[in-house]
Amino acid sequence: MARKIVLILALTCLCIGLAAADWNILNPIWNINARQDSLKNYCESWRINVELNNIREFDVVPQECVAHIKKYMTSSQYDADCQRAIEEVTLYLSRCCSLKGDGKDAWIFDVDDTLISTITYFKKHGFGGEKVNSSSLEAWMEESKAPALDHTFKLFHDIKDRGMKIFLVSSRKETLRSATVDNLINVGYHGWSRLFLRGFEDEYMHVEQYKSQVRKTLMDQGYRIWGIVGDQWSSLKGLPEAKRTFKLPNSIYYMS
């Protein structure tokens with residue numbers, strides 16, 4: 001009798017264990033939810049590590065993460081993250097800069113996805129899931145229809161009103177100058193001191209090298225570069241350095 005009781009208890013425990021295992025591993029609803037949570041965590045981790053510059057030189061967003069990146073880049077969270085970065089710029093400006101009034105105080109802005117947005121283009125071209133087609137992107141740029149980014153639009157005019165010279169340093173080609181100027185003016189930007197674009201001799205340089213060279217040229221002319229705002233690390237890194245740099249989020253593409 002005692003043996004029967006022990007056997008029954010053992011079988012009961014085994015059934016409970018199997019039921020628990022079924023709930024944790026085999027249950028389809030649980031398994032789908034677990035995979036979805038795991039994928040969301042993976043893709044958010046991938047995005048964050050792009051922003052931290054731990055993930056570099058990627059040609060495309062991982063296919064399983066394209067929807068996640070699209071959702072973020074078109075979300076109120078993206079807007080909030082950009083606005084928070086701009087608030088830090090404004091805080092820095094309130095205490096950083098003893099302007100000399102000699103016309104040599106300067107600030108640098110990148111153009112694409114800093115002053116104007118390419119998201120309308122990438123909505124139709126895989127949102128980072130496709131390797132960037134330069135010819136297609138440049139044809140879109142020629143249309144001069146990129147919308148302004150509201151957060152940097154206000155900052156641009158604030159810095160200009162403070163008396164700083166604004167330099168725009170873009171990785172766009174020189175052949176896009178007219179289209180770029182038209183686009184910027186059409187959405188309300190005006191009063192910058194110079195727009196730097198890549199000439200033929202610059203096209204085979206890494207973006208970081210090209211933009212560093214532009215900063216050296218400006219500093220050699222006596223400009224004090226108080227800050228840079230850009231969405232790519234290649235806009236911010238390299239020597240000589242600005243006094244401060246501020247990065248806006250962008251995990252759709254990477255430019256080195």
How much length, in nm to one decimal, is gained on full extension between ARG84 and ARG177, taken as 0.36 nm per residue of separation minus their Cα-Cα distance?
30.4 nm
For Cα pairs less than 8 Å apart in space and 6+ apart in sequence, what is the mean separation divided by the residue count of region 114-256, i.e. the relative contact order in percent?
21 percent
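With a probe of 1.4 Å, find how much accessible area region 110-256 has per residue, and write the answer as a whole number in Å².
Averaged over the residues of region 110-256, the accessible area is 45 Å².
Using only the Cα atoms, what convex hull volume per residue in Å³ does region 192-256 have?
Values: hull volume 6.4 nm³, N = 65.
Here the figure is 98 Å³ per residue.
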Per the helix-only model, the chain has a calculated mean residue ellipticity at 222 nm (DSSP H runs of ≥4, -39500 (n - 2.57) each, divided over all residues, rounded to the nearest 500) of -15500 deg cm²/dmol
So how strong a dipole does the chain carry about its Cα centre when Lys and Arg Cβ are +1 and Asp and Glu Cβ are -1, to the nearest 20 debye?
580 debye
Ranking LEU239, HIS206, LEU168 by how far each Cα lies towards the positive end of the charge dipole of the chain (+1 on Lys and Arg Cβ, -1 on Asp and Glu Cβ), the top one is LEU239
Log10 I(q)/I(0) at q = 0.08, 0.09 Å⁻¹ for the chain, from Debye over equal alpha-carbon scatterers, is -0.41, -0.48
Relative contact order, percent, of the chain when contacts are C-alpha pairs under 8 Å separated by at least 6 residues?
24 percent
Calculate what fraction, in whole %, of the accessible area of region 79-237 sits on carbon and sulfur atoms when a 1.4 Å probe is rolled over the protein chains.
49 percent
Going through the DSSP H helices of the chain, which span 27 Å or more along their own axis at the Cα atoms while scoring at least -0.5 as a mean Kyte-Doolittle hydropathy?
2-21, 76-96
What percent of all Cα-Cα pairs in region 107-157 falls into each 10 Å bin, going from 0 up to the bin containing the maximum distance?
23, 49, 24, 3
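List the GluC sites (Glu not before Pro) within region 154-246 that fall in a DSSP loop (any state other than H, G, I, E or B) and whose Cβ has at most 13 other Cβ atoms within 10 Å. Show your work: numbers first, answer last.
Working: sites: GLU174, GLU201, GLU203, GLU208, GLU241; in loops: GLU203, GLU241.
Passing sites in region 154-246 are GLU203.
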Can you order the peptides 96-104, 223-231 by their average number of other Cβ atoms within 10 Å per residue, highest first?
223-231, 96-104
Lys and Arg at +1, Asp and Glu at -1: neighbours of TYR72 with Cβ under 14 Å from its Cβ sum to -1
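The values are calculated or read from the model by the stated rules, or taken from the named source; none is laboratory data. Values in this document were obtained by computation on a predicted structure and should not be read as measured data. Note that each Cβ is placed from the backbone with ideal geometry, even for glycine, and that neighbours are counted across all protein chains shown. Just so you know, the surface numbers come from the protein's heavy atoms only, side chains and all, with ligands and any DNA or RNA stripped out. Shrake-Rupley method; radii C 1.70, N 1.55, O 1.52, S 1.80 Å.
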